[in-house]
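*Asks:* Sharing a structure with you now.
What follows is calculated from the coordinates using simple rules that are stated; it is not laboratory data. Fair warning: this is a prediction, and the values are worked out from it, not measured in the lab. Please note: Cβ atoms are built from the backbone with ideal geometry, for glycine as well, and neighbour counts cover all protein chains shown.
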Amino acid sequence: MPDAASRKVLLTGASGVLGRFLAVELASRYPGLVLTDILPFPGEVPEGARFVQADLADAEKIAKVAEGADTIIHFGGVAVEKSFETILPGNIVGTVNVFEAARVNRARVIFASSNHTIGFYERGKKLSVRDRPRPDGFYGVSKLFAEDVGSFYFDKFGIESVHIRIGSAIREPTEIRHLSTWFSYPDLLRMVIAAIEAEKTGHALLWGVSANTRSWWGEDDAARIGYRAEDNAEAFADKVAADPDDPVARRFQGGSFTSQGYGRAPEGKS
Ligand code: 15L
């Protein structure tokens, strides 16, 4: 890998909430940063970066945008639970297009995976990234698909990828669940930079979570990329509100994603 300043970085999903934050923070560190999204970039493109509007499902366009990249930060696609038809183009087809572009350019992929890959574990259960996935919707399934595409591209082509199972990446925790799932913006940025600059990553799975006292997520590959979380949601424990009054959402780690269209009988009624 080249040194930090000469890295050629591409960021997908640049017009989304986390994308905009990363675009601003990474532009000064990686001159020539390329930003892309299906939607126009809201506001001014950060100095030193350039923006190209592109649909992730358009393989030719993505191949063109990725030309010369040695790192692709892949934060694009649908970021909430939706129908399979809505998830398919960006999250499934788009992810394959991104990995194909990575293969052609020998680039490393840093992927915004999600805690919704394991959303149907009960709250309080401590998890390792090695535990069986329990996705809570098509969105979570699409994130697992990307993690597996990354594994396949590493084994078959030697393309490295770091998959960050993001918890709740928000400025401040607002409800009880966030005391376990919060991922501060500074920790997110530190993790992305560590993933970009690590000598070697292989296929890595990480919990995108701060050093929360109440975290449900343990063993992962963070040490392999030299990352350690610094923030702790406990500092907000006095301020957060109760979780929404929804027994299914309160039971599972994925919160409200788990109760959308939930079709099982209440506990004990089979
Ligand atoms: C996610 O994956 C979503 O993109 C985000 O909007 C939050 O809902 C987050 O998970 C969460 O679980 O808090």
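*Asks:* Would you work out if the chain is rounded, prolate or oblate? Take a ≥ b ≥ c from the square roots of the eigenvalues of the alpha-carbon gyration tensor; rounded if a/c is under 1.5, else prolate when a/b is larger than b/c, oblate otherwise.
*Replies:* Note, shape of the chain comes out prolate.
*Asks:* Given a Förster radius of 51 Å and the C-beta distance between GLU267 and GLU199 as r, what FRET efficiency does 1/(1 + (r/R0)^6) yield to the nearest 0.05?
*Replies:* That gives a FRET efficiency of 0.60.
*Asks:* Given the options ALA222, ALA198, ALA14, state which has the largest fluctuation in a GNM of the chain using a 10 Å cut-off (strictly under) for Cα springs.
*Replies:* ALA198
*Asks:* Arrange GLU197, GLU267 by Cβ neighbour counts within 10 Å, fewest through most, would you?
*Replies:* GLU267, GLU197
*Asks:* Angle between the Cα long axis of helix 138-157 and the longest principal axis of the chain, 0 to 90 degrees, nearest 10?
*Replies:* Its long axis makes an angle of about 40 degrees.
*Asks:* Classify the stretch 1-59 from the C-alpha gyration tensor, please: rounded if a/c falls under 1.5, else prolate or oblate depending on whether a/b exceeds b/c.
*Replies:* Cα axes put the stretch 1-59 in the oblate bin.
*Asks:* Report the Cα centroid-to-centroid distance between the stretch 33-95 and the stretch 167-240 in angstrom, as an integer.
*Replies:* Here the answer is 24 Å between Cα centres.
*Asks:* While we're on this one: Roughly what angle does helix 185-197 make with the longest principal axis of the chain, taking Cα atoms, 0 to 90 degrees, to the nearest 10?
*Replies:* Once rounded, the angle reads 40 degrees.
*Asks:* Further question: Give, in nm to one decimal, the length gained when the segment between LYS156 and ASP243 is fully stretched (0.36 nm per residue of separation minus the Cα-Cα distance).
*Replies:* 26.9 nm
*Asks:* While we're on this one: Quick one: net charge of LEU88's neighbours, Cβ under 15 Å, K/R +1, D/E -1?
*Replies:* Summing Lys/Arg as +1 and Asp/Glu as -1 gives -2.
*Asks:* Which angle from 0 to 90°, rounded to the nearest 10, does the C-alpha axis of helix 94-105 make with the longest principal axis of the chain?
*Replies:* Orientation of helix 94-105: about 40 degrees from the principal axis.
*Asks:* Run the numbers for SER128 and LYS61: contour at 0.36 nm per residue of separation, minus the present Cα-Cα distance, in nm.
*Replies:* 20.4 nm
*Asks:* What FRET efficiency do you get for VAL45 and ARG106 if R0 is 25 Å and r is their Cβ-Cβ distance, rounded to the nearest 0.05?
*Replies:* Efficiency, from the Cβ-Cβ distance: 0.40.
*Asks:* If you don't mind, there's one more thing I want to ask. Take the residue pairs LYS126/LYS239; LYS82/LYS126; LYS8/LYS82; LYS143/LYS239 and return only those whose Cα atoms are more than 29 Å apart.
*Replies:* Too far apart for the 29 Å limit: LYS8/LYS82; LYS143/LYS239.
*Asks:* Something else about it: Between GLU219 and ILE170, how many nm apart are label points set 7 Å from Cα along the C-beta direction?
*Replies:* Each label point lies 7 Å from its Cα, and together they span 3.1 nm.
*Asks:* Considering the convex hull of the alpha carbon atoms of the stretch 150-215, report its projected area averaged over all viewing directions, in nm², one decimal.
*Replies:* The number I arrive at for the stretch 150-215 is 4.8 nm².
*Asks:* Hey, another quick one. How large is the helix-only mean residue ellipticity at 222 nm for the chain, computed as the sum of -39500 (n - 2.57) over DSSP H runs with n ≥ 4, divided by its residue count, in deg cm²/dmol to the nearest 500?
*Replies:* About -8500 deg cm²/dmol.
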